Amino acid sequence: MGERQRSVERTRERILEAAYDMWLTRPYDEVTLEDVAEAAGVSRQTVHRQFGSKDELLVAVVDWRRPSEDQGDRRVEPGNVEQAVLHIVDRHEQMGDAVVRFLALEGRIEAIDYLLEHGRQAHRAWLERVFAPVLPQGRHARDEVVGALYAATDVTAWKLLRRDLGRSRAQAEASMRRLVDGVVHTLAAAGTKEES
């Protein structure tokens, strides 16, 4: 890769990072390409040339963030419920408010639908990997349990606890842990009954 290409890649990375940081703290529809350009230290034309529209920029941000998010998610040891809940609450604390804002626009902007669908698929895959040691083998039973774990750890559960009910982070984490433990203990009890 030549110096010119490296410079283009660095500029692209600055733009992606600026857009990501802005969408973490501001509503999607209040962030303009001009805002992103200013934060990245480039012209609006540069942003437009690199990505096209704001929606195309959002899709690029999702694809750019995917590898680092997947790598971060792999730090949780499969079967470690405490570590799993801590990780998911950390994630929600960092990006939960932004995701809730995106949810409010679901079905109206195709790029946001792409972001949310990616997030749902990634969360489900994470649950299946992290809770693999306790998940049942049958497809139907597995889907039921993963669905229950999803409900217990979803950003909307975090929002209910943290924003709607005003719980502290520690209280929200404890509540989510109880929900997850309930699913896991129900599984263990069902397994014991099947064995007897």
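Please treat every number below as a calculation from the coordinates, not as lab data. Just so you know, these numbers come straight off a predicted model, no measurement behind them. Glycine also receives a Cβ, built like all others from the backbone with ideal geometry; neighbour counts cover every protein chain displayed.
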Please report the relative contact order for the chain, taking Cα pairs under 8 Å with a sequence separation of at least 6, and give it as a percent rounded to a whole number. 20
Show me, bin by bin at 10 Å from 0, the whole-percent P(r) of region 1-65 based on Cα pairs. 23, 59, 16, 2
Packing-ranked peptide list from 162-175, 86-99, 132-145, highest mean Cβ count within 10 angstrom first, is 86-99, 162-175, 132-145
FRET efficiency, E82 to D29 (Cβ-Cβ, R0 30 Å, nearest 0.05): 0.20
Would any residue of region 126-142 have its amide N under 20 Å from a label point 7 Å out along Cα→Cβ of R66? List them or say none. 126-130
For a label point 7 Å along the Cα-to-beta-carbon line of T11, residues of region 52-91 with backbone N under 15 Å: 52
Magnitude of the Cβ-charge dipole (Lys and Arg +1, Asp and Glu -1) of the chain about the Cα centre, nearest 20 debye, reported as 180
Taking the chain and counting helices only, DSSP H stretches of n ≥ 4 at -39,500 (n - 2.57) each over all residues, the nearest-500 ellipticity at 222 nm comes to -25500 deg cm²/dmol
